[in-house]
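Here is the structure we will look at.
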Amino acid sequence: MKIMVSPSASVIDTIIVSDDICFTEPLTAFLKQSPAFCFRIQRITAPDDPFLHTPGISPLHSLLILFAADLTRPESLSVVTALSRSFPGCRIVTFGEAGDLGLLLKYIRAGVRGFIPGSFSAKAFNEALVKIIEGDAFISTAVTRKIFDYLNHNIELADKLTFRQRQIMEGILEGLSYKLIAHKYKISIDTVREHIKNIYKIFRINSKAELIALLRFHYL
């Protein structure tokens with residue numbers, strides 16, 4: 001079914017970020033065959049290309065960034081984060097598997113709007129792309145199941161928290177320091193630290209930053 005769009009919204013400025021010509025050429029050819037959108041494509045082979053870190057795309061057009069790289073490498077997440085900051089409101093789509101679910105959630109927080117597995121058919125890819133361009137997000141069914149399993153697991157872990165541990169987590173979510181948490185609940189700072197240490201053990205995390213990220217994902 002052909003999707004009707006207005007002329008002003010039909011042009012999609014698109015950046016393909018990949019050093020794999022076997023990926024970029026077929027993808028470019030596929031996008032140019034789209035009956036619904038006119039993709040104005042620019043291909044970037046190096047993630048550190050200055051263009052990617054300098055805002056310069058006209059705000060009159062939507063910006064779509066198709067990012068193909070090894071998502072398990074730390075520099076890939078850094079590039080995605082930089083792209084989100086350089087081009088606020090852009091739609092970033094990654095190709096490949098993030099592997100660890102915790103890493104996938106970091107990509108979501110960094111601004112990724114779609115995850116396209118390499119096994120996708122052309123039809124499924126096109127449907128996912130249309131959703132993303134129209135302002136929606138896309139995550140494959142397999143990844144969605146993983147996310148729900150992850151959330152359910154953490155909900156089960158949260159049930160193991162004591163009333164005091166829940167209070168302390170709420171204080172952290174409010175941005176309170178350990179000293180202010182201790183003052184608010186009339187306990188010592190050492191007691192706060194002991195509760196925090198036990199919370200880390202329950203959620204199998206190692207830092208306050210990880211705890212804050214976990215809390216924000218669940219409650220914000």
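The values are calculated or read from the model by the stated rules, or taken from the named source; none is laboratory data. The model shown is predicted, which means the values in this text are computed figures rather than measured ones. Neighbour counts run over all protein chains shown; Cβ positions are idealised from the backbone, glycine included.
Any idea which residue in the range 155-196 is surrounded by the most Cβ atoms within 10 Å (Cβ to Cβ), counting only those that are part of a loop (DSSP other than H, G, I, E, B) and of a type in the set (Asp, Glu)?
Here the answer is GLU174.
Could you please find all residues in the range 171-193 being out of contact with any Phe, Trp or Tyr (no Cβ under 9 Å at 6 or more places or on another chain), of a type in the set (D, E, K, R) and within 17 Å of ALA209 (Cα to Cα)?
Selection gives GLU174 alone.
So, in the range 94-115, of the ones that are at pLDDT 80 or above and among the charged types (D, E, K, R), which residue ends up nearest to GLU127 (Cα to Cα)?
ARG113
Out of (1) under 16 Å from the mean Cα position of the chain (by Cα); (2) modelled with pLDDT of 75 or more; (3) not small (Gly, Ala, Ser), the odd one out for TYR150 is which?
TYR150 satisfies all of (1) under 16 Å from the mean Cα position of the chain (by Cα); (2) modelled with pLDDT of 75 or more; (3) not small (Gly, Ala, Ser) except (2).
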